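This report refers to the structure that appears directly beneath it.
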Amino acid sequence: MDLRRATVKDVNELFDLLSTVQALHVNGRPDIFKAGATKYTHEQIASIVENENTPVFVLVDEKDIAVGYAFCSIQEEKETENLYSQKTLYIDDLCVKDTLRGQGYGKKIYDFVLEKAKVYGCNRLTLNVWHLNQSALRFYEKLGMNPLKTTMEQKID
């Protein structure tokens, strides 16, 4: 398995992988996530892949087929009166094909993204994880990530 920057030829595999993530989220929070939908359309994925500020990295098999990904974005915050400037590589979404999970490929993708963050001159790597996805939460904690902030909710019926 190799890692590389995604290209437009990867759009269909990325879309299929995004569908598996959506299904997991729908199962955990059907009040938030729509069944049968995806986070991005084929066209949006193509646009994201071609944008220098939204790098997408893919894990590919021996046939150069994407079996995992990390959608990322480079975010820069200017210094303000109370905050220092920050350059962050934000992981918008990370996924490994369900049949390959638990074999170290998620860590391989994460480590690759971490190295890219250093190359881009970022001073931190961030992501959001849905609380419903406890396995992902444990995975990121195992990699050394720590909570930065927490979003709380109270449902109102």
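The values are calculated or read from the model by the stated rules, or taken from the named source; none is laboratory data. Worth saying up front: this structure is predicted, and the values here are computed from it rather than measured. All Cβ positions, glycine included, derive from the backbone under ideal geometry; neighbour counts span all protein chains shown. Only protein heavy atoms, including side chains, enter the accessible area calculation; ligands, DNA and RNA are left aside. Shrake-Rupley method; radii C 1.70, N 1.55, O 1.52, S 1.80 Å.
Annotations for the structure displayed:
- Yes/no for LEU137 being assigned to a loop (DSSP other than H, G, I, E, B) and surrounded by 14 or more Cβ atoms within 10 Å (Cβ to Cβ): no
- Failed criterion for LEU125 (all others in (1) part of a helix (DSSP H, G or I); (2) open to solvent by less than 50 Å² (accessible area, probe 1.4 Å) hold): (1)
- Residue list for region 47-59, restricted to those being in contact (Cβ under 8 Å) with a residue 40 or more places away in the chain, over 17 Å from THR20 (Cβ atoms) and either β-branched (Val, Ile, Thr) or in a loop (DSSP other than H, G, I, E, B) (or both): VAL49, PRO55
- Residue identified as closer than 29 Å to GLU153 by Cβ, at pLDDT 95 or above and among the hydrophobic types (A, V, I, L, M, F, W, C) among LEU132, LEU89: LEU89
- The conditions of being touching a Gly at 6+ places or on another chain (Cβ under 6 Å) and either surrounded by 14 or more Cβ atoms within 10 Å (Cβ to Cβ) or among the polar types (S, T, N, Q) (or both) are not met by VAL56.
- Residue within region 65-83 that is touching a residue at least 60 places away in the same chain (Cβ under 8 Å), among the aromatic types (Phe, Trp, Tyr) and closer than 25 Å to ARG138 by Cα present: yes
- Residue check, PHE15 open to solvent by 30 Å² or more (accessible area, probe 1.4 Å), in contact (Cβ under 8 Å) with a residue 24 or more places away in the chain and among the aromatic types (Phe, Trp, Tyr): yes
- Applying the criterion of being under 22 Å from TYR40 (Cα atoms) and assigned to a helix (DSSP H, G or I) to the residues of region 63-120, the residue that is most open to solvent (accessible area, probe 1.4 Å) is ASP98.
- Contacts under 6 angstrom Cβ, first residue in region 91-120 being within 16 Å of TYR140 (Cα to Cα), partner loosely packed, with under 14 Cβ neighbours inside 10 Å, 6 or more apart: TYR110/LEU143
- Within region 2-46, restricting attention to residues that are in a loop (DSSP other than H, G, I, E, B) and of a type in the set (A, V, I, L, M), the residue that is nearest to GLU115 (Cα to Cα) is ALA6.
Per-residue answers, yes or no, for (1) in contact with a Gly (Cβ under 7 Å, 6 or more places away or on another chain); (2) under 15 Å from LEU3 (Cβ atoms):
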site: ILE74; (1), (2): no, no
site: ASN82; (1), (2): no, no
site: LYS97; (1), (2): yes, yes
site: ILE109; (1), (2): yes, yes
site: ASN123; (1), (2): no, no
site: ASN133; (1), (2): yes, no
site: LYS155; (1), (2): no, no
